[in-house]
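All remarks here apply to the structure that follows.
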Amino acid sequence: MEVTKKTAKRIYLIGFMGSGKSTLGPRLAEALDFDFIDLDNLIEEAEGLQISEIFKIKGEAYFRKREQEILETTASYTNTVFATGGGLPCFNDNMTSMNKLGISLYLQLSEAPLFKRLKQSTSRPLIMNMSDQELKFYIRSTLAVRSKYYQKATLIIDANQSLHDLTLDCTSILK
Ligand code: S3P
């Protein structure tokens, strides 16, 4: 079946940390006349804590459970673009859930541009305080594990382009 904005009532942006989901999300939503929701923000609001604090105080397993629960609540939204956390597709069969609830768009980016972007990041708990070598190794090994989940996306988009071109690319596919 051809995917259009009419058939895709919920669009889930997936991809590695730093692939641009939260930046593209609002732009794509505006272009499609959809709402935009960042699932990490929903978790922060529900917990009254920042993601880094949830990891620190409650641990990753708890975060993954909350992530799945929050994903399930998206069934009550329509005409919405969701930015998802980089790990969400890789736990609890969340890829299957997203592909049932709507469509998933994988923002694919290779190791080098991811490293360039994530080097600047100070708030992400999984890569906090890493040296350049550690970060390179983390990206390579984690991407190797996560790619097979990301590849189950409805559509795969080359994220190595300007925000303008990326938005155009996605909107032209979704018409
Ligand atoms: C994570 C990515 C983060 C956030 C959490 C865990 C991951 O989201 O959900 O820190 O496992 O890759 P972004 O991809 O928006 O940075």
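Take the residues of the stretch 96-130 that are within 26 Å of residue 57 (Cβ to Cβ) and open to solvent by 70 Å² or more (accessible area, probe 1.4 Å): which is farthest from the chain's Cα centre (by Cα)?
Here the residue is 129.
Pick from the stretch 22-71 the residues that are under 19 Å from residue 159 (Cα atoms) and among the hydroxyl-bearing types (Ser, Thr, Tyr): which of them is nearest to the ligand (Cβ to nearest atom)?
That would be 22.
For the stretch 79-92, check the following and say yes or no: at least one residue is within 16 Å of the ligand (Cβ to nearest atom), free of Cβ contacts under 8 Å to residues at least 40 places away in the same chain, open to solvent by 20 Å² or more (accessible area, probe 1.4 Å) and not in a helix (DSSP H, G or I).
Yes, because at least one residue in the stretch 79-92 is within 16 Å of the ligand (Cβ to nearest atom), free of Cβ contacts under 8 Å to residues at least 40 places away in the same chain, open to solvent by 20 Å² or more (accessible area, probe 1.4 Å) and not in a helix (DSSP H, G or I).
Which numbered condition in (1) within 16 Å of the chain's Cα centre (by Cα); (2) modelled with pLDDT of 95 or more; (3) open to solvent by less than 60 Å² (accessible area, probe 1.4 Å) is the only one that residue 138 fails?
In the conditions (1) within 16 Å of the chain's Cα centre (by Cα); (2) modelled with pLDDT of 95 or more; (3) open to solvent by less than 60 Å² (accessible area, probe 1.4 Å), residue 138 misses (1) alone.
If I filter the stretch 1-21 down to residues being near the ligand (Cβ under 10 Å from one of its atoms) and either surrounded by fewer than 24 Cβ atoms within 10 Å (Cβ to Cβ) or of a type outside the set (Lys, Arg) (or both), which single residue comes out as farthest from residue 118 (Cα to Cα)?
Top of the filtered list is 13.
Pick from 28, 24, 71: which is without any contact (Cβ under 8 Å) to a residue 60 or more places away in the chain, open to solvent by less than 20 Å² (accessible area, probe 1.4 Å), touching a strand residue (DSSP E or B) at 6+ places or on another chain (Cβ under 9 Å) and in a helix (DSSP H, G or I)?
Answer to the selection: 71.
Pick out the one residue from 138, 149 that is within 14 Å of the ligand (Cβ to nearest atom), under 29 Å from residue 33 (Cα atoms) and not small (Gly, Ala, Ser).
149
Cβ-Cβ under 8 Å, sequence separation 6+ or interchain: first residue in the stretch 126-146 and within 20 Å of residue 64 (Cα to Cα) and assigned to a loop (DSSP other than H, G, I, E, B), partner within 14 Å of the ligand (Cβ to nearest atom) and of a type outside the set (A, V, I, L, M, F, W, C). Which pairs?
That search, which allows pairs on different chains as well, returns 128/52; 128/122.
Taking the criterion of being of a type in the set (A, V, I, L, M, F, W, C) and closer than 22 Å to residue 55 by Cβ, would at least one residue in the stretch 97-114 satisfy it?
yes
The values are calculated or read from the model by the stated rules, or taken from the named source; none is laboratory data. What you see is a predicted model, and the numbers here were worked out from it, not measured in a lab. Glycine also receives a Cβ, built like all others from the backbone with ideal geometry; neighbour counts cover every protein chain displayed. Surface accessibility is based on the protein's heavy atoms, side chains included, excluding ligands, DNA and RNA. Shrake-Rupley method; radii C 1.70, N 1.55, O 1.52, S 1.80 Å.
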